[in-house]
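The values are calculated or read from the model by the stated rules, or taken from the named source; none is laboratory data. Just so you know, these numbers come straight off a predicted model, no measurement behind them. Don't worry about glycine lacking a Cβ; one is built from the backbone with ideal geometry, like all the others, and counts go over all protein chains shown.
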């Protein structure tokens, strides 16, 4: 079993790893070279986590102080910095020693746990009552924010499919188009909700419209992704399992979840706090849901999100947030940003053609969200300033985009070059949001006293 | 990189794993059989965590309700149940499918993270002022609780060394004796402290003496373990690195830690809560300390514990507890109990000889702690009831024992048979504590109104 008679000499083993990682396609581990002892895993894990959290905090802090960006922007960038595009480019041996490929699966597991928990928490604060206020404008903005992306995806995907390596070989044009559409249509809904709530805009035109359209567009995008995942690659048996499994789970939670979970909510209300037993039950349900949606072939995050929507509101969610969020946000999510960053190879965007593709995708993405939502708001009677504000917020994609493209990469829907391009698109559209929103809406609103101060520490 | 073009069919891959795990020494993975995709890791991880937390909670609950045992006892037993001794014995294929060996390193990493954080939290509530109250009795009990175990270890270790497989080949009698002594001398100090505080015994004779002696004996035992780890196996270079590294770290934290960390404490006091930034700094320091002590060859838990002792007290530790403990206790520690349980092969205690060894070690352990501490308390003037109560509490070894023997197993100091025997010793001495304490002290004290109700949910 786990008997480790040789003492782990970290510095010496590090040299081995450097050699291993520099030939990433070598048969390392499969050809009888020294396997990792358990101790190697924990030594690397502790070092990685220290470096990951330092990077996320430092870059996040710089982003906040210098560029007035929310923390999440800094962490997205920190992940890319830790990967082959920067840390790996300038200090290849050190980077390889810190992030040997033997550790990738541990990092991956932590990252999936992190985004799963994150989407679970997003689910717990997902409010259906965002829909249906402000009838006509809301419908128009929602519809524009979902139809323009898919329309433009229909236009550019045939071209993208002619470039080898962007999509999986043999992917159908239908699936490729749906995936691109979902990538473009996604909004950093949680970041948007937090900005709007923190600034007291929830009852303004801008707040209502953005929240409604953001929630609606994200819900549609994730459903489309689920369809792609269910139908891509595995043949009819796999698709049936995914569709039947996913739909049954969602229907079960929607119809019975609230009622079955209500007693947990009452226990917390009565006690005034969440006992360890109740929290353990919540964690068990979370792991089961994530496992189920992962096992049927959709993705763990759907399990987390759907379960989250059925959790009792009020004190229960408040207590859950206090107990789960710090750890998820400070320790686990940075693992996701790093895992994503380790797969981000900006050097793949190195030809004129790739650069052109990157610019086109960026332009199309901005046009499809900023442009379309602005136009829809204007056409249904909103003033210019509100419409611009809505467009700016709807255009930010944040962590949501990283989640969807990591799923696409992991499931083999897209290749590394398109992944890198979409990482750039995610970062640029998210970075744009704050200054554009300030310029078109925030500054004037603050002058007229309608808007509070710029909040720190928003996170998509 | 991480491109996973084949969709993970969990049930099908499960069949493969069953085959793999049933031939644990086969060259699986090294001979070209299908390697795990990242998705396999997350699917298994979510399933494992669900099962692990369910097992810990259910067995813990049964232990509390039926046997009036603290939660930790149930979780120790739950780990053994999930391992080869029960789950693996009756449902070998299912057990192998849930806990394939490919996942062991992920579980190991989570387990190390869990005990590291746990020992960090123990460090934060470690109070030096426990020492030095009640002069003579305190010294006598402390001294008895550490000298009797090492004396008895000197007596039985030569015999144990004649049995092949209990200790590593070629281990010196000196190191084997020290390790055995530390195993026998350890007390479940955190559990003891919690029982005493929760029942309002902190200022009683029993409370003062147990806390002083428990803290002192544990501190000595861990120092002895550090010496063993530093000098075992690796040759002089490794020993020097371990000793110099470990001592420098400890001295640095002891002399400068409090002062350097004080500003963090003030930030929390001023704000009235712990910001994410402060918590991130704490986590970074924790990971760096754990990494450092792991890398020099001692063990991550020492890094966590020593750092913990230097953390600012008061509001700071209170807030830290709220943010870190739920997750550590509910999600991470059960991974440790399970990892430990997966290595516990009770079938190795299958001969008359092994059974005899197990009984002798158990008897010696009870004699060395219960007996010696009782006697020391009586001889320095404590009444019979108090002395018995002290003996009962000092005899519980709880999670602390599991930590030390897992380190012994991982570093190759002891083999699987002795590991299994010491797991039994840990469980039996911990299970004994509550009923014996009740019988000799608690019942009468409660009748006379000196003692509060039995608390739920104590944890070693």
- Task: Please find, among B:301, B:243, the residue that is assigned to a helix (DSSP H, G or I), in contact with a helix residue (DSSP H, G or I) (Cβ under 9 Å, 6 or more places away or on another chain) and under 30 Å from residue B:390 (Cα atoms).
- Result: B:301
- Query: Any chance region B:270-277 includes a residue that's over 20 Å from residue B:409 (Cβ atoms), more than 14 Å from every other protein chain (Cβ to nearest Cβ) and either within 25 Å of the chain's Cα centre (by Cα) or modelled with pLDDT of 90 or more (or both)?
  - Reply: yes
- Item | Candidates A:333, A:346, filtered to the one that is within 21 Å of the chain's Cα centre (by Cα), touching a residue at least 24 places away in the same chain (Cβ under 8 Å) and surrounded by fewer than 21 Cβ atoms within 10 Å (Cβ to Cβ) | A:346
- Just checking, how many residues over region B:278-295 are at the interface with chain A (Cβ under 8 Å from one of its Cβ atoms) and closer than 20 Å to residue B:223 by Cα? 4
- Message: Against the conditions (1) farther than 30 Å from residue A:235 by Cα; (2) part of a helix (DSSP H, G or I), where does residue A:248 fall short? Just the number, please.
- Response: (1)
- Query: Identify, please: which residue in region A:370-414 is within 14 Å of chain B (Cβ to nearest Cβ) and not in a helix (DSSP H, G or I) and is, among those, nearest to residue A:108 (Cα to Cα)?
  - Reply: A:411
- Query: For residue A:255, are the conditions met, namely being in a helix (DSSP H, G or I) and at pLDDT below 95?
  - Reply: yes
- Note on the structure: The helices (runs of 4 or more DSSP H) lying wholly within region B:1-103 that contain at least 3 residues that are away from chain A (no Cβ under 13 Å), loosely packed, with under 15 Cβ neighbours inside 10 Å and at pLDDT below 85 are B:10-22
- region B:337-353 - residue that is within 12 Å of another protein chain (Cβ to nearest Cβ) and either modelled with pLDDT of 95 or more or not in a helix (DSSP H, G or I) (or both) and, of those, nearest to residue B:109 (Cα to Cα): B:343
- Have a look at A:201, A:211, A:261 and point out the one that is outside any helix (DSSP H, G or I), over 20 Å from residue B:46 (Cα atoms) and either touching a residue at least 60 places away in the same chain (Cβ under 8 Å) or away from every other protein chain (no Cβ under 14 Å) (or both). A:201
- Task: Can you work out which of the residues in region B:156-171 that are in contact with a helix residue (DSSP H, G or I) (Cβ under 9 Å, 6 or more places away or on another chain) and without any contact (Cβ under 8 Å) to a residue 60 or more places away in the chain is surrounded by the most Cβ atoms within 10 Å (Cβ to Cβ)?
- Result: B:157
- Among (1) more than 25 Å from residue B:332 (Cα to Cα); (2) touching a helix residue (DSSP H, G or I) at 6+ places or on another chain (Cβ under 9 Å); (3) assigned to a helix (DSSP H, G or I), where does residue A:363 come up short? (2)
- Item | Condition broken by residue B:216, with the remaining ones in (1) surrounded by fewer than 18 Cβ atoms within 10 Å (Cβ to Cβ); (2) within 18 Å of residue B:308 (Cα to Cα) satisfied | (1)
- Taking residue A:308 as meeting all but one of (1) more than 14 Å from chain B (Cβ to nearest Cβ); (2) closer than 27 Å to residue A:208 by Cβ; (3) out of contact with any helix residue (DSSP H, G or I) (no Cβ under 7 Å at 6 or more places or on another chain), write down the number of the exception. (3)
- In region A:373-395, the residues that are surrounded by fewer than 18 Cβ atoms within 10 Å (Cβ to Cβ) and within 13 Å of residue A:205 (Cα to Cα): A:381, A:383, A:384, A:385
- Test for residue A:356: is it surrounded by fewer than 19 Cβ atoms within 10 Å (Cβ to Cβ) and either at the interface with another protein chain (Cβ under 8 Å from one of its Cβ atoms) or under 29 Å from residue A:232 (Cα atoms) (or both): yes
- Message: Scan region A:119-142 and tell me whether some residue there is at pLDDT 90 or above and within 11 Å of chain B (Cβ to nearest Cβ).
- Response: no
